[in-house]
Amino acid sequence: MRRFCSAAAFALLAACGTRSPCTPTSCAPGSTCEAARGVCVDAPTDAGRASDGGAGADAGIGPVDAGDASADAGPASGCGACAPAIPICDEASRRCVRCTARAGCFGDTPMCDLSFQGGLGKCETCVADGGGCSGATPVCDTLRSRCVGCLGHADCESGMCNLATEVCFPPGPFDAGAPAVDAGGAGCPGPRDGGVTSCVTECPQGFTCSGNECILNGRGADLQVTLRWDSTDDLDLHLDEPLAGGGTCEIWYGARTPACAAGALDLDSQAGCAMDLVLIENIVYPTDGGVPPSGLYTVRVDHYANCSPIQWVPFQVEVRKGSSTMGLCGVFTSTDPDWRNAGAAGSGRPIMTFTYP
């Protein structure tokens, strides 16, 4: 039976036979002339078919396509020959790239940043979605191509990232509640407490020379309360010491050695943004065998003044009773209501309570 194609549907010749044998130039764009049958066929659909129901059905395709090198290379490899600078064929995008998610990267830079230079790729230690990072350093710092603990507060379970060290503060109570064992937990300002600086007679503020080493003030007493922080801001340590007859006696920078208290504040570091850079304050008790008052103690920390552009001040409070140590980490941020407190007596954020003995 004869088949006819409308003259108006010339563009559809690939889907319809023709009475006269076709030539390589008589088929519509997107189709090619199948020499064996003399009909136009859709090139992308039919090119490369192994069989069309008969051994000789596509016998003429090979010679017809063989002369079109670029058309033949595309479906077969996706890319053709790739240059040394972009040696990997990305079949998905059908072009040559530097690397893909599965090929091209290894060793110290095993991850491919597929967003680099419009998809050409670049081998990195890690990529933005966290690929290449795990364990204690699950976040990728793409600017420096390295894995870190956190880059922002949202990266941490506790909701607080020490932006200076890029380590998350541990989850748990920070402003009040039962104290957490391990005062030196991850992200806390590290102890800078003697045993590291030799001395003959003199030591920096906050330390005394003992046994040729600079020892943190109050270390020899049975009770010691310490505040540490890692910035140039002015933080202040406050302690309410219980009185035998009831009530409390406050120790703070305005009353460092009050007559009502057995303890004393050793120094007021960074007072009014004076840059002594000690960054440690201690409330110390006598080392001559005197016993601190029994009862409930309350520790507060006041952010007195912001002395630099920094907007994030991590700190640590540590309480040592004999050989037992406990403490909490905390942080002041520029959005806190007590960021610019400039407080006096009674000021400060409640951090922890403890009893002695």
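Any read-out appearing in this document is the output of simple, stated calculations on the displayed coordinates, not a laboratory observation. Everything numeric here is computed off the predicted structure, so don't read it as measured data. Note: ideal-geometry Cβ built from the backbone for every residue, glycine included; neighbour counts use all protein chains shown.
Here are the numbers for this structure:
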item	result
Kirkwood Rh (inverse of mean 1/r, distinct Cα pairs), the stretch 78-148, angstrom	12.5 Å
Whole-Hz couplings from phi, Karplus 6.51/-1.76/1.60, listed for the stretch 228-238; x for Gly and Pro	10, 8, 10, 6, 8, 5, 9, 9, 10, 9, 10
By average C-beta atoms within 10 angstrom, highest first, the peptides 107-114, 279-286	279-286, 107-114
Magnitude of the charge dipole, the stretch 272-323, Cβ model with Lys/Arg +1 and Asp/Glu -1, debye to 20	180 debye
Extension gain from THR333 to ASP155, taking 0.36 nm per residue of separation minus the Cα-Cα distance	62.4 nm
Theoretical gain in end-to-end length, LEU243 to ARG256 [0.36 nm per residue, Cα-Cα removed]	3.0 nm
Net +/- balance of residues flanking THR125 in space, Cβ distance below 15 Å, scoring K and R +1, D and E -1	-3
Long-range amide H partners of ILE351 with built H, under 5 Å	VAL299, ARG300, VAL301
5 Å-binned pair-distance histogram of the stretch 207-334 (Cα, whole percent)	2, 11, 20, 23, 20, 13, 8, 3, 1, 0
Summed residue charge, Cβ within 13 Å of ALA255's Cβ, Lys/Arg positive, Asp/Glu negative	-4
Neighbour net charge for ASP113 - beta-carbon separation under 12 angstrom, K R +1, D E -1	0
